[in-house]
1. Mind checking Rg over Rh on region 55-166, alpha carbons, Kirkwood formula for Rh?
2. Compute the angle between helix 226-238 and the longest alpha-carbon principal axis of the chain, please, reported from 0 to 90 degrees and rounded to the nearest 10.
3. Given N residues in region 255-356, what is Rg(Cα) / (2.2 N^0.38 Å)?
4. In angstroms, what radius of gyration and Dmax does the chain have, counting Cα atoms only?
5. If N is the number of residues in region 306-391, what value comes out of its Cα radius of gyration divided by 2.2 N^0.38 Å?
6. If you filter region 304-375 for trypsin sites (Lys or Arg not before Pro), then keep DSSP loop positions with at most 15 other Cβ within 10 Å, what is left?
7. Ignoring everything except DSSP H segments at least 4 long, calculate the 222 nm mean residue ellipticity for the chain; use -39,500 (n - 2.57) per segment, divide by total residues, nearest 500.
8. Compute the acute angle (0 to 90°) between the alpha-carbon long axis of helix 120-132 and the principal axis of greatest extent of the alpha-carbon atoms of the chain; round to the nearest 10°.
Amino acid sequence: MKIFNSLTQKLEEFKPLNNNRVTIYVCGITPYDTTHLGHAFTYISFDALIRYLKFKGFNVIYTQNVTDINDRDKDILQRAKEQNISWQKLSEFWTEKFLSDMKCLNWISPTNYLKASENIPAMLNLIQKLLDNSLGYIVNGSVYLDISKVSGYGKLSKLFDREKMIKVAKDFEEDLENPDKRNPLDITLWRASKPNDPKHIPSFAFDSKGLARHVSEALQAGRPGWHIECSAMSISTLGEQIDIHGGGSDLKFPHHEAEIAQSEGATGKIPFAKYWLHTGTVGYRGQKMSKSKGNLVMVSDLLKKYSQNAIRWLILSHHWHEDWEFKEEDLARAQKNVELVENLNLHLRGGGIKEFTRLMDNNLDTPKTLEYLLNLVEQNSKVELKKLYNILGFI
Ligand SMILES: [Zn+2]
């Protein structure tokens, strides 16, 4: 099986680090908003990959996180304050909503589904390792990763130019103006609480619940940086090196680049992830779907009018690596296509598996595979059409 690896920018033969055991980490949601089609595209694309790997006999172990707390002032903390509820309540509400939307799309739950707020000791352990390895520094109780000490920083995003990095980092509110940092691009690993922090800002103290007491005394109570969360939860559940790390292509920099710097810096094991898979972005009315542009297409709205299989068909009719634009007529066509497949009553034999596997082995080419299924319908072929359909997660 071949798969496109963002790290090498090549189509590579897929070979797991450990025989037939495959470890996958996919960056999860920040739970303060509804699931839109862009999220669904990422998670259903990985769902198809995981189903296909299982079909090929691999033992897949899959971790996904919930960023219910991070170092940002905006997103979840700001939204909770606006709604006058706790960040825990807000997070629980939107996590449940996300999981129920995804369940409607017949999404397989990850082996480990973890909240950042419940995994802080793993993050502190990693931060301590980075300090021990002289890659991190503490100022006013906060910890930063010194990127000038990280070799090959930029190797995933291919952003080796500092100005370009700053431009992209600005979009992610990377706290570039922080005077405590040696370099504006240094990564915030731990953000110490300040005495004048507003009440709605949580603070994790080391002396409560036995939180990693062995960390440097210079650290103060606070909260973890967004990037260290994924490094820590990946390492604690899947090991120091993993096979596949996935996420939306907009996470390449700074998030995934930082994950590599932190994980490899702490463990010394290179590569942290052997294959980096990035899903394309979904646009609507000429622009990338985003909250700020107000052009979100919600999965729950689509489910009112179309079947879950139709939405899955629409998603898988676009290649996971490509950007695409949502058009309702494409979803209407997807609905017709699933009805064609589902209404066909065939006596089944095993002939189609070979072609199916050939197509899917080529970088998980779901668009061509779906075309192939439609051809089988047209030819009224006596193959195991329904079985192939189910392998892709249709019910
Ligand atoms: Zn992540």
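1. On the Cα set of region 55-166, Rg over Rh gives 1.04.
2. Once rounded, the angle reads 60 degrees.
3. Taking the Cα Rg and dividing by 2.2 N^0.38 Å, one obtains 1.53.
4. Looking at the chain, its Cα Rg and Dmax stand at 22.1, 72 Å.
5. 1.07
6. Listed in order of number, the matching sites are K327, R349.
7. Computed ellipticity for the chain at 222 nm equals -12000 deg cm²/dmol.
8. That helix lies at roughly 60 degrees to the long axis.
Throughout, read-outs are computed from the coordinates displayed, never taken from laboratory work. Predicted, not measured: the structure shown is a model, and the values here were computed from it. Because the Cβ atoms are built from the backbone with ideal geometry, glycine has one as well, and the counts that use them run over all protein chains shown.
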